[in-house]
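The values are calculated or read from the model by the stated rules, or taken from the named source; none is laboratory data. What you are looking at is a predicted structure, and each value in this text was computed from that prediction instead of being measured. Counting neighbours? That spans all protein chains shown, and the Cβs are built from the backbone with ideal geometry, glycine included. Side chains are part of the model used for accessible areas, which takes the heavy atoms of the whole protein and leaves out ligands, DNA and RNA. Shrake-Rupley method; radii C 1.70, N 1.55, O 1.52, S 1.80 Å.
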Amino acid sequence: MERQTPGVGRLMRAGAMISVPAAATVLGLAVFGWVSVGAAVGSVLLIWFLTALLLRFAFRDLLAVARHLRGLAGHLGEDPAPEPAARLDIAQSLLNAGRHLDRSWRRRELALREQLTSNERLLDTLPDPLLMLGADALITRANGAARALFSRVLTGQEITTVLRDPGVLDAIEGVLEKAPSRQVTWVMPGPVEREFEVRATRLPARGVDGSLVMVTLHDITALRRLEQMRADFVANASHELRTPLSSLIGFTETLATSAREDSAAREQFLAIMLEQGRRMQRLIEDLLSLSRIEMEEHTPPSDPINLREVIGGVARFLEIRAREKNMDIRLEGEDAPVVVIGDGDQLTQIFQNLLDNALKYGRPSTPVVVRWTQVERGPAAMPAAVRAPCLRVSVIDQGEGIAKEHLPRLTERFYRVDKARSRAMGGTGLGLAIVKHVVVRHRGAMTLESEIGKGTTINLFLPLYEPTLG
């Protein structure tokens, strides 16, 4: 380290102060006449000069030590600079003290870094998205759940570019302006809407990264859907079960009274009761299935599924049904495996529903075609990230067709174009509603095409599976 030379003015002032006792003694001797005035003045100047000269060496060591200590304070976390050579004991003592202080700082810095790393890992393990904000409403930190939710880097972004809901922003602004905490609900738009309980809480002290407010987002989508499904289930079940239940009660009362001894009526009534009981069973099974699918709708599947095997398995299962109407199921597509992102059980269920409907409403002695092909871009209803490329699967029948005014409502619960015909064929009115919700959970899309007298085509668009490298 370069030696730092003290200024002349500083040396002279320090020398003058230290020389005061000796100078006063010499001047006192001159006053009493023991030495001449000229000799006294010369002696004082000489004392002053020699004192300043001696201080120059001491100051140089002390200034070098001071400069070294300032370097330690200004470069924490870096390797310390070489210590200067010190000839004075006081300078060496200061260097020793600085060395111990630097070690203490480094141990404390290491402990703080380890604590910060531990805190960051802890935040990343939290299932709820969490954002930390500074006084300027900039995001200072975001945990793993938040990064996954918004699918981008969040640190350094303004909160207004991430959460654009006025109610959420008002709550955050209120907490930044000294309110202890505020809580609001926020619906995240998208192919599947998600509802969050957003809580903004002011921290007791500003964090080392400038964090002042903590924003947590608790997903209450499943809870809200559970409440809605409970209400829908009661309303739908009570409406759809009323007719078969009334029939069962009526026939049971008749068998217990006037038709007790009538064997022919008993056989007829028991057959009707059995069919009504099975209808109730199918209805309850479909309602429960729809409820389970809606509960999982906001969490997309992630498994690779060979869709060709799924469709082939469903086709083999329904071969007997097809032969009953002299129909056949034709599979048209590449022989190579077609892998999509999906849930195997749910994909099997939707193709069972679609092929079952095609066999029910298709004309006898006509084929049902299942055709799959990769397309460059899916419809706008699909999320942009999985639209291109994707897989289109078409289920085509040659039935009576459906009028255009009915197509937008076919996926509604219990909507039937011909209620009497649908119930006579054992339909519950929930098949296409189940298909729609499964496709939405798979972040896909469904379109319907139909023409009176020519048949119906249902197109499913599903994201292809792309394995990640490494």
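A few notes on this one:
- HN-Hα J in Hz across the range 264-279 - Karplus 6.51, -1.76, 1.60, θ = phi - 60°, x for Gly and Pro: 5, 5, 4, 4, 5, 5, 5, 5, 5, 4, 4, 5, 5, x, 5, 4
- Karplus-derived 3J(HN,Hα) values for the range 433-441, using 6.51 cos²θ - 1.76 cosθ + 1.60 with θ = phi - 60°, are 5, 5, 4, 4, 5, 5, 5, 5, 4 Hz; glycine and proline are entered as x.
- Low-density loop cleavage sites - GluC sites (Glu not before Pro) in the range 185-232, where at most 14 other Cβ are within 10 Å (DSSP): 193
- Extension gain, residue 158 to residue 124, is 10.2 nm, computed as 0.36 nm per intervening residue step minus the present C-alpha separation.
- Calculated FRET value between residue 466 and residue 179, using beta carbons and R₀ = 56 Å, to 0.05: 0.75
- Here the accessible area of the range 100-225 is 54 percent carbon and sulfur, with a 1.4 angstrom probe and all protein chains present.
- Mean Cβ neighbour count within 10 Å, used as a protection proxy, ranking 349-360, 181-192 highest first: 349-360, 181-192
- Treating r as the C-beta distance of residue 109 and residue 223 and R0 as 41 Å, the FRET efficiency rounds to 0.40.
- Highest mean first, the peptides 386-399, 361-374 sorted by other C-beta atoms within 10 Å per residue fall in the order 386-399, 361-374.
- Modelled this way, with points 7 Å down the Cα-to-C-beta line, the labels at residue 415 and residue 278 are 2.9 nm from one another.
- Zone of residue 452's modelled label, taken as backbone nitrogen in the range 401-416 under 12 Å from a point 7 Å along Cα→Cβ: 401-406
- Qualifying lysines (Cα of each under 30 Å from Cα of residue 436; at least 8 residues distant if same chain): 325, 360, 404, 419, 454
- Using the Karplus relation 6.51 cos²θ - 1.76 cosθ + 1.60 with θ = phi - 60°, the per-residue 3J(HN,Hα) values for the range 129-143 come to x, 9, 10, 10, 10, x, 5, 8, 6, 8, 6, 8, 7, 9, 7 Hz, with x marking Gly and Pro.
- Per residue, the accessible area of the range 170-228 comes to 55 Å² when a 1.4 Å probe rolls over the protein heavy atoms.
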